[in-house]
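The values are calculated or read from the model by the stated rules, or taken from the named source; none is laboratory data. From a predicted model like this one, the values you see are computed outputs, not experimental measurements. Every residue, glycine as well, gets a Cβ built from its backbone with ideal geometry; the counts of neighbours run over all protein chains shown. Note: areas computed on protein heavy atoms with side chains; ligands, DNA, RNA excluded. Shrake-Rupley method; radii C 1.70, N 1.55, O 1.52, S 1.80 Å.
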Amino acid sequence: MATVATGFVGLGADWPSVGGVAWTEILNGGLSIVAVWLAAWIVAQWQSASRSRAYALSARVQSLLTNSHTIIFVKDLDGRFLEVSDQFAALLGLSADAVIGKTDYDFFPAEFADSYRQHDAEVVTAGTAMNFEEAALVHGSLRWYVARKFPFRDETGRIVAVGGVATDMTARLLAEAERHEAQER
């Protein structure tokens, strides 16, 4: 763009204007060239910074997924996992790559998966973050989680995915049950 504008301004400087002063046209042409090149440089810097920010964000998100002790996931609107934390994958005894593209039905009994999908649908319908208590059968053991699910939106505001962060509450619930039982005795 800057090169084309420079060429047009250069051609215009060769054509004398009627009743005008040639040096004024050359000065104006030069200033126009500088302005166009400056705009092109600013756009290039902005694009470079934008790519750098996107990469930095991607690296931070990947670090979060790798190092978090929390179960984190993102599912598309059809329920396929797009991203999962290493903690979530380890819970299933798989790598994160083995989970991506699959659904809850591939890992959990239908009654649990149905519940998860229902909660996802509620988040999409409400268009806002919501908390749910969810049970999961993990390696034959019943576990209880508090899941915070939220919509992911594209640049137009349309919901395109559902994210979630889940915390295992099983130990706390068992401790509370034992404490309640001890108090009753």
> If you plug each phi of segment 103-111 into the Karplus form 6.51 cos²θ - 1.76 cosθ + 1.60 with θ = phi - 60°, what whole-Hz ³J(HN,Hα) values come out, in order, with x for Gly and Pro?
Replying inline: 10, 4, 5, 6, 10, 10, x, 3, 5
> In Å², what does the accessible area per residue of segment 107-185 work out to with a 1.4 Å probe?
Replying inline: 63
> Out of residues 5 or more away from PHE152 or on other chains, whose amide H comes under 5 Å of its own, with H placed 1.01 Å from N in the peptide plane?
Replying inline: VAL160, ALA161, VAL162, GLY163
> By how many nm would the segment from ALA175 to ARG153 lengthen if fully extended, with 0.36 nm per residue of separation less the alpha-carbon distance?
Replying inline: 4.1 nm
> How much space per residue, in cubic angstrom, does the convex hull of the C-alpha atoms of segment 82-185 take up?
Replying inline: 119
> Using a probe of 1.4 angstrom, how much of the accessible area of segment 80-147 is carbon and sulfur, in percent?
Replying inline: 52
>> At 1.306 mPa s and 10 °C, plugging the Kirkwood radius over alpha-carbon pairs of segment 115-166 into Stokes-Einstein gives what diffusion coefficient in µm²/s?
In response: 136
>> What does the charge count around ALA121 come to, taking other residues whose C-beta lies under 12 Å from its C-beta (Lys +1, Arg +1, Asp -1, Glu -1)?
In response: -1
> How much solvent-accessible surface does VAL84 expose, in Å² to the nearest 10, with a 1.4 Å probe and all protein chains in place?
Replying inline: 0
